[in-house]
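A short worksheet on the structure shown next.
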Amino acid sequence: MGLKKDKAASAPDKDIESGNEESKAVSYRELYKYSDGWDWLMIVVGSISALGHGALRPAFIKIFGAMIDDFVGVVPDLNTLVDNITKRTIMMLYIACGAAVLSYFQVAMFTLTAQRQALRIRR
């Protein structure tokens, strides 16, 4: 009733499932040998976006610390406190918008170049 498996055909499957298949480490040059000029441009844009996104975290922490100092420190009147908090909140909003744009480009560029290279390898 059931289908019989061919032992020769199932042997490689067993090696893959058990993890016995050896993997060879490749260099970065071999890793990117299928990339063209557009792929390299996307890698550079993605890397710069990643650096910018990472640099925004310390800027956010510095502004947040200044905001806490405004709450704890001595402020002459309530209007000054509200003005300082409003200014710092708007700066934090700009940082959040910049982080959203940079993180989008970071992920989009690396994903797109990976898809293009995978398609080229499969052909």
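What residue, among those in the range 60-81 that are assigned to a helix (DSSP H, G or I) and of a type in the set (Gly, Ala, Ser), is surrounded by the most Cβ atoms within 10 Å (Cβ to Cβ)? Restricting to residues being assigned to a helix (DSSP H, G or I) and of a type in the set (Gly, Ala, Ser), the top hit is 66.
Any residue at all in the range 82-101 that is among the small types (Gly, Ala, Ser), open to solvent by 50 Å² or more (accessible area, probe 1.4 Å), under 21 Å from residue 112 (Cα atoms) and out of contact with any Cys (no Cβ under 9 Å at 6 or more places or on another chain)? Outline the logic, then answer.
Of the range 82-101, the ones among the small types (Gly, Ala, Ser) are 96, 98-100.
Checking the rest, the ones that are also open to solvent by 50 Å² or more (accessible area, probe 1.4 Å) come to 96, 100.
If we keep only those that are under 21 Å from residue 112 (Cα atoms) as well, we get 100.
Narrowing the set further to residues that are out of contact with any Cys (no Cβ under 9 Å at 6 or more places or on another chain) leaves 100.
Looking for residues that are among the small types (Gly, Ala, Ser), open to solvent by 50 Å² or more (accessible area, probe 1.4 Å), under 21 Å from residue 112 (Cα atoms) and out of contact with any Cys (no Cβ under 9 Å at 6 or more places or on another chain), one finds at least one in the range 82-101, hence yes.
Scanning the range 75-96 for residues that are over 12 Å from residue 53 (Cβ atoms) and within 20 Å of the chain's Cα centre (by Cα) returns a single hit, 94.
Taken over the range 102-119, the criterion of being surrounded by 13 or more Cβ atoms within 10 Å (Cβ to Cβ) and not aromatic (Phe, Trp, Tyr) is satisfied by 102, 103, 106, 107, 108, 109, 112, 113, 114, 116, 117. Candidates 57, 29: the one that is part of a helix (DSSP H, G or I), modelled with pLDDT under 90 and charged (D, E, K, R) is 29. For the range 32-54, which positions are in contact (Cβ under 8 Å) with a residue 60 or more places away in the chain, open to solvent by less than 80 Å² (accessible area, probe 1.4 Å) and either assigned to a helix (DSSP H, G or I) or touching a Phe, Trp or Tyr at 6+ places or on another chain (Cβ under 9 Å) (or both)? Selection gives 32, 39, 42, 43, 45, 46, 49.
Of all residues in the range 55-70, those satisfying the criterion of being touching a residue at least 12 places away in the same chain (Cβ under 8 Å) and more than 24 Å from the chain's Cα centre (by Cα) are 66, 67, 70.
The values are calculated or read from the model by the stated rules, or taken from the named source; none is laboratory data. Keep in mind it's a predicted model, so treat the numbers as computed, not measured. Note that each Cβ is placed from the backbone with ideal geometry, even for glycine, and that neighbours are counted across all protein chains shown. Heavy atoms of the whole protein, side chains included, go into the accessibility calculation; ligands, DNA and RNA do not. Shrake-Rupley method; radii C 1.70, N 1.55, O 1.52, S 1.80 Å.
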